[in-house]
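What follows is a set of notes on a single structure, which appears directly below.
The values are calculated or read from the model by the stated rules, or taken from the named source; none is laboratory data. Quick caveat: nothing in here was measured; it's all calculated off a predicted structure. All Cβ positions, even for glycine, are placed from backbone atoms using ideal geometry, and neighbour counts span all protein chains on display. Accessible surface is based on the protein model in full, side chains and every heavy atom, while ligands, DNA and RNA are left aside. Shrake-Rupley method; radii C 1.70, N 1.55, O 1.52, S 1.80 Å.
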Amino acid sequence: MAEKGELLMALEQIEKDKKIKKEDILSVIENALVSAYKKHVGKNVNVEAKVDTETGEMAAYVIKSVVKEVANPLLEVSAAEAKKLGQPSEVGSNVKIPLDTQDFSRIAAQTAKQVIVQKIRESERDSLYDEMKEKVGQIVNGVIYRIANKNIIVDLGKTEAILPVSEQIFKEKFTVGQHIRAVILKVEKNVKGPGTVLSRASTELVKRLFELEVPEIYEKVVEIVNVVRDPGMRTKVAVVSHNPKVDPVGACVGIKGARVKPIIDELKGERIDLISYSVDPAKYISSALAPAKALSVAFVSESEKKAEVMVTDDMLSLAIGKNGHNVRLAAKLTGWHIDVKSEGQKKQESEEKAEQQTQALEKLEGIGEKTIEALVQAGFTDIEKLKTLSVDDLTTLPGIGPKTAEKIIEAAKKSS
C-alpha cells in the first residue's frame, strides 16, 4: 500500500480528476482490508478496519466477546486473556485485538486497486452518460466504425452510438469510414457505458438543420411550429414569423434557395415544403397542400376537424401525391382530416345529387314537372324539410300559388 500521506494525496487527486469522493475510496480500502484478513485466516472472524483520514494510516482489529468459557476462539476470549491484553475483562464486553496489517496488506492493496479502478470506470461511464443525455435532440458528427446486420455503429470520439435500421432513410447507403451526421434520439444506461441511439429519420434532424442554416430560426425571430416527415420522400415544415417585416418562408428558403439547398443535400434530395403557418384553418390547410394550389376549403365538420379541399383537375394528382403521401402529410401537419376533390369530381357529385333530389320529388303525388324544377332551383329538395314548411314559405317561389303549396306539403307528408 502507499506510504503514510501518499495515499491521501493520491485519493485527493482521484477525487479531483474523477469526481469520486475520497470517503468512498477510504471505505473501499477498509472493506478490502477486512476481506483480505478473512481470506488470510478464515471467514468466521469479526474484523474491523479503519484508515485515518488525517494521516492515511491503516489499522485493523479482530473483535472478540469476553466469555467465562471459550467455545469459539475465533470469536471469543476469556476474561483472563482480555486482562492480559489490557482490554475490558467484564463478561459480555468486546475486546479489540490489533492486527499487523503488513501480513495481509498486499492482498488488501490488490483488492482495493481493483475496486478503485472499477469505481473510476463507473464514474467515467456515469459522467459520459450525463454528458450524452444533455445532447439528446442535438446533431452530432461521427465516423462509421462498422455495420452489423444493417445497424450502423458510429464512432463519436468519446463513445460509440448506433444508428438502427428503423432510424435510417431507406434509400441511403453507407460504408465503413464514411462521415455521417445524425441527431441523438435517446441515451440509455448500460454496463458498457451510455447506449446512444442516433436517427436520420427523425423530424428533430430537420429542425436542427434549419437552426444551423437559418439565423432567424436560431435567433427565434422565425419559429418552426411543426414538422412532419415521410423520410427520404417529403418533409413539410410549418413556420411563423414573430417580426412582421420578416417573411418566414423566404427566410428559410434563402436567396435562390441558398439556405434550404444544403438541408436538401444533407437529406439526399428529400423534398421540403415550407408552409406559412396561419391561425385560420382554411389558410393553413390550403398552404399545407403545397406544391398544389387549392381553389377552396370547406369545413365538413369543425368538431371532428374534417375539411374538403377543391383543386383544379390538373392539380388533383399533385395535391394527393404519390401513394397519397402529400395529402397525408398535410393532414398530419394541420391536424385536420383532408378530403381532396377536383372541380370535375365536384361537378359530377353536384349533378348526381341534383338527379337524386329530382327523382325523389318526382315520386310526390300530383306534383308537376315545372313545380319540381322551381323547387330544385330554390333548393327545396329535402322531402323531410318540405313536411315542416308553411304555405307562405313556398308561395315565395315563382309559379307556386297557395293551392300548389298546400298540395306539395300534403304530398310530402303522405310520402314514406
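Scanning the range 193-228 for residues that are in contact (Cβ under 8 Å) with a residue 40 or more places away in the chain and open to solvent by 20 Å² or more (accessible area, probe 1.4 Å), we see that the one that is farthest from the chain's Cα centre (by Cα) is Glu213. Taking every residue in the range 265-284 that is under 19 Å from Ala307 (Cα atoms) and open to solvent by less than 40 Å² (accessible area, probe 1.4 Å) and pairing it with any residue that is assigned to a helix (DSSP H, G or I) and of a type in the set (A, V, I, L, M, F, W, C), at least 6 positions away or on another chain, the pairs with Cβ-Cβ distances below 8 Å are Ile275/Val249; Ile275/Ala288; Ile275/Leu333. Scan the range 124-170 for residues that are open to solvent by less than 40 Å² (accessible area, probe 1.4 Å), in contact with a helix residue (DSSP H, G or I) (Cβ under 7 Å, 6 or more places away or on another chain) and closer than 30 Å to Ile14 by Cα and report the count. Matching residues across the range 124-170 total 1. When we screen Ala294, Ala251 for residues that are surrounded by 15 or more Cβ atoms within 10 Å (Cβ to Cβ), small (Gly, Ala, Ser) and in contact with a Pro (Cβ under 9 Å, 6 or more places away or on another chain), the only hit is Ala251.
Hey, any hits in the range 142-164 for a residue that's in contact with a His (Cβ under 7 Å, 6 or more places away or on another chain), modelled with pLDDT of 95 or more and not basic (Lys, Arg)?
Taking the range 142-164 first, the residues in contact with a His (Cβ under 7 Å, 6 or more places away or on another chain) are 143.
After this cut, where a residue has to be modelled with pLDDT of 95 or more as well, the list is 143.
Right, trim to not basic (Lys, Arg) and you get 143.
Looking through the range 142-164, at least one residue is in contact with a His (Cβ under 7 Å, 6 or more places away or on another chain), modelled with pLDDT of 95 or more and not basic (Lys, Arg).
Report the residue count in the range 324-372 for those that are of a type in the set (Val, Ile, Thr) and either under 24 Å from Ser287 (Cβ atoms) or touching a Cys at 6+ places or on another chain (Cβ under 8 Å) (or both). Walk me through it before giving the result.
Going residue by residue through the range 324-372, those that are of a type in the set (Val, Ile, Thr) are 327, 334, 338, 340, 358, 367, 371-372.
From what is left, the residues that are either under 24 Å from Ser287 (Cβ atoms) or touching a Cys at 6+ places or on another chain (Cβ under 8 Å) (or both) are 327, 334, 338, 340.
Matching residues across the range 324-372 total 4.
Within the range 311-340, the set of residues being in a strand (DSSP E or B) and crowded, with 19+ Cβ neighbours inside 10 Å comprises Val311, Ile338, Val340. Screening Ile383 against (1) closer than 30 Å to Lys305 by Cα; (2) crowded, with 18+ Cβ neighbours inside 10 Å leaves a single unmet condition, (2). In the range 398-416, the residue that is nearest to Leu364 (Cα to Cα) out of those that are over 60 Å from the mean Cα position of the chain (by Cα) and either of a type in the set (Ser, Thr, Tyr) or open to solvent by less than 20 Å² (accessible area, probe 1.4 Å) (or both) is Ala411. Gln345 falls short on exactly one of the conditions (1) open to solvent by 50 Å² or more (accessible area, probe 1.4 Å); (2) closer than 30 Å to Ala258 by Cβ; (3) part of a helix (DSSP H, G or I); (4) touching an Asp or Glu at 6+ places or on another chain (Cβ under 9 Å), and that condition is (2).
When restricted to residues that are touching a residue at least 12 places away in the same chain (Cβ under 8 Å) and in a strand (DSSP E or B), the range 285-310 contains 10.
Can you pull out every residue in the range 41-69 that is surrounded by fewer than 16 Cβ atoms within 10 Å (Cβ to Cβ) and over 30 Å from Ile25 (Cα atoms)? Across the range 41-69, the qualifying residues are Lys68, Glu69.
Quick one: would you say Tyr129 is more than 21 Å from Gly269 (Cβ to Cβ), of a type in the set (Phe, Trp, Tyr) and under 18 Å from the mean Cα position of the chain (by Cα)? Answer is yes for this residue. When restricted to residues that are surrounded by fewer than 14 Cβ atoms within 10 Å (Cβ to Cβ) and outside any helix (DSSP H, G or I), the range 95-108 contains 2. For the range 71-84, state whether one or more residues are surrounded by 13 or more Cβ atoms within 10 Å (Cβ to Cβ), of a type in the set (Asp, Glu) and modelled with pLDDT under 80. No. Report yes if Gly56 is part of a loop (DSSP other than H, G, I, E, B), modelled with pLDDT under 80 and touching a helix residue (DSSP H, G or I) at 6+ places or on another chain (Cβ under 7 Å), otherwise no. It is true that Gly56 is part of a loop (DSSP other than H, G, I, E, B), modelled with pLDDT under 80 and touching a helix residue (DSSP H, G or I) at 6+ places or on another chain (Cβ under 7 Å).
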